[in-house]
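All remarks here apply to the structure that follows.
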Amino acid sequence: MEGFNLQTNLAVDTRTERVSSKKYAAAEFFAGVGLVRLGLEQADIDVVFATDIDNTKFKSYAANFGSEDFHLADVRNISGADIPNIQVATASFPCTDLSLAGKRAGLKGEHSGMFWEFARVIDEMGSRKPSTLLLENVPGFASSREGKDLHDAIERLNGLGYSCDLLVVDAKHFVPQSRQRLFIVASQVKPSSIGDWEPSNVRPAWIKEFVNRFPQLDMAPAKLSPLQQADVSFDDVAERLSHNNKAWWNEERLTKFVESLSPLHKTRLEQKIKASQLSWATAYRRTRNGNAIWEIRPDNIAGCLRTPRGGSSKQAVVEAGRGKVRVRWMTAKEYASLQGAPDFKLHAVTETQAKFAMGDAVCVPAISWIMREYTSLVELEK
C-alpha cells in the first residue's frame, strides 16, 4: 500500500515524510480537543491529519498534541487530495440535529449534515480511501426521522465500498460515567470473525430490528470481546478541594439545594452525611411538576456529560460524610477524568470552555477498545 512501509511496519505521511512508531495512520475529522486521537494512540494508531472548525477547541488540541497535524478549517473546504495516505478515518460529526434535545432536523440539518461532507472527502480519495472508518454520534441518530437518517448514512458508506457494523457503547464499561454513544464501524474488508445481531451490552435490540428492516444494506457484525462495567467510582475522580475553596456553594445556596430534594433524595443525602468516611456523588437539576429540584444519583457514577449551557446540562458534586455536606459544580478536570483523559492539559482555555469541549467529546477508552477489537479482526493494509 502506498504510504505504508511493510518492511519497517511504520505509517508514513508521504507528503511530509513524518515517520511514526505506530502501526497505522489515521485522519481525524471533527477532531474537537483530540480525545479520539488519545483513543487511537492507545490502539497503536497515529493521527497524521486532524481538522475542526472550532478555534477554541484547537487551542486545547494544540496544547496537548501540537499544531503540526491540525487543520483549522471548515470540512466543506477540505478535499480528498488534502488527506495523506491513511488506514483509518474517524468522524465525530455534530450531533445537534440528531439529539433528542434538538429540533431533529437529522442529516438534513445544517450541523449534522456535515456527515455528507465527510463522505465526500472520503469519496474524493479514490483508490486511497482508508480501509476503516469510525463514526461516532448520539444514540438519537438511530431514531432520527424514524431510522431513515441512519439508513441513508449506511447506504452512502456502502456506496463507497464499506460494509458496516453498528455498536452502542456505554462509557460506564471503562469510567464512572453513564454515557451511551452510537458507533458505525465501516470496513472495506469484512471482519475475520463474524458475530451476530443478537442483543448484547454493545448491540441493543433495536440494532437487530434495524438490520432486519433494511436487508438491502451491507452490514456485518464483528465478533467482539464481552464488556463488563468497570469497577470504578466517582470517588476515584472527584477532586479533593479544601473546605475553604471558593468553588463550594455558600450556606444560602446549599440550603436551597437541600430544600429542593424530594424525601427519597433527602434520605439518600442524610445517609451519606452520617457515614464515617467522605464520599462524592453527582446531582442533576430537574423540572418535576413545574418545579426545579435537585436529584442525587443513587449509584457511584456520574450522569452523561453535556455541554454546560445551564439547567439540567450541568452536574453538581455532593461531598458528604462525617456529619457534613458541601456542594459545588463539577470541575473541568473531573470532566476530563470522566472521559478517560485525567492528564489532559486544560490550561489553554477557560474553565467553562474546557467543560464545554469535554462535554462535547468522546470517552477515550471506548475508542481504544473499539479500534483494538477491529484492528485484530480486519486487515487494515490495502
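Solvent-accessible surface of region 63-199, averaged per residue with a 1.4 angstrom probe and all protein chains in place: 37 square angstrom. Structural size metrics of region 123-189, computed from C-alpha coordinates, are Rg and Dmax of 13.6, 42 Å.
Highest mean packing comes first when the peptides 328-338, 186-196, 148-158 are listed by Cβ atoms within 10 Å, giving 328-338, 148-158, 186-196. The three principal axes of the C-alpha atoms in region 337-382 carry coordinate ranges of 43, 21, 17 Å, sorted with the longest axis first.
For region 187-246, the equivalent ellipsoid built from the Cα gyration tensor has semi-axes of 41, 14, 12 Å, listed from largest to smallest.
Using C-alpha pairs below 8 Å separated by at least 6 residues, the relative contact order for the chain is 16 percent. Accessible area per residue for region 250-325, computed on protein heavy atoms with a 1.4 Å probe, is 56 Å². Taking Cβ atoms as reference points and 13 Å as the exclusive limit, the residues near K59 contribute a net charge of 0, counting Lys and Arg as +1 and Asp and Glu as -1. At full extension, K345 and E379 could sit 8.8 nm farther apart than now, given 0.36 nm per residue minus the alpha carbon distance.
Divide the volume of the convex hull around the Cα atoms of region 153-226 by the residue count and you get 93 Å³ per residue. Between region 24-96 and region 329-371, how far is it from one alpha carbon centroid to the other, in angstrom? First find each Cα centre; the distance between them is then 16 Å. Overall size of the chain from C-alpha positions, given as principal axis extents largest first: 65, 45, 37 Å.
Amide H to amide H, with H built 1.01 Å from N, D46 comes under 5 Å of Y24, A25, A26, counting only residues 5 or more places away or on other chains. The overall shape of region 98-211, judged from the alpha-carbon gyration tensor, is oblate: a/c is not under 1.5, and a/b is no greater than b/c. Summing charges over all other residues whose Cβ lies under 10 Å from the Cβ of R268, with Lys and Arg as +1 and Asp and Glu as -1, gives +1.
Counted residue by residue at 0.36 nm each, then reduced by the alpha carbon distance between them, the extension gain from A275 to W116 reaches 51.9 nm.
When DSSP beta bridges are restricted to pairs lying wholly in the chain, around 65% turn out antiparallel. Candidates W280, L305, A247 compared by Cα position along the dipole of region 235-320: farthest toward the positive end lies L305, with charges placed on Cβ.
Label positions at K324 and T352, each projected 7 Å from the Cα along the C-beta direction, are separated by 3.0 nm. State log₁₀ I(q)/I(0) for region 190-304 at q = 0.14, 0.15, 0.19, 0.22 Å⁻¹ as given by the Debye formula over alpha-carbon point scatterers of equal weight, solvent excluded. The Debye formula, applied to the Cα set alone, gives -0.78, -0.83, -1.07, -1.33. In order along region 335-340, the Karplus-derived 3J(HN,Hα) couplings, from 6.51 cos²θ - 1.76 cosθ + 1.60 at θ = phi - 60°, round to 4, 4, 5, 5, 9, x Hz, and Gly and Pro are given as x. Of the two radii for region 24-181, the radius of gyration is 0.94 times the Kirkwood radius, both from the alpha carbons; that is the Rg over Rh value. Straight distance only, please: which lysines reach the Cα of K272 with their own Cα at less than 29 Å, same-chain residues fewer than 8 apart left out? Straight-distance partners of K272: K172, K246, K256, K314, K324, K333, K355. Label-to-label distance, Q42 versus A292, with points set 7 angstrom from Cα along the beta-carbon direction: 3.6 nm.
For the chain, a crude dipole built from +1 on the beta carbon of Lys and Arg and -1 on the beta carbon of Asp and Glu, taken about the Cα centre, is about 1620 debye to the nearest 20. For region 265-382, with all protein chains in place and a probe radius of 1.4 Å, 46% of the accessible heavy-atom surface sits on carbon or sulfur.
Once you have a ≥ b ≥ c as the square roots of the Cα gyration tensor eigenvalues for region 254-356, tell me rounded if a/c is under 1.5, and otherwise prolate or oblate according to whether a/b is larger than b/c. In terms of gyration-tensor shape, oblate. Using a Förster radius of 30 Å, what is the FRET efficiency between T307 and S127 based on their Cβ-Cβ separation? Nearest 0.05, please. In this case the efficiency is close to 0.15. Solvent-accessible surface of protein heavy atoms, probed at 1.4 angstrom with all chains present, puts H347, H265 in the order H347, H265, largest first.
Calculated mean residue ellipticity at 222 nm for the chain: -8000 deg cm²/dmol, from DSSP H runs with n ≥ 4 weighted as -39500 (n - 2.57), summed, divided by the residue count and rounded to 500.
The values are calculated or read from the model by the stated rules, or taken from the named source; none is laboratory data. Everything numeric in this text was worked out from a predicted model, so none of it was measured. Note: ideal-geometry Cβ built from the backbone for every residue, glycine included; neighbour counts use all protein chains shown. For the accessible areas, the whole protein counts, side chains as well, though only heavy atoms, and no ligand, DNA or RNA atoms are used. Shrake-Rupley method; radii C 1.70, N 1.55, O 1.52, S 1.80 Å.
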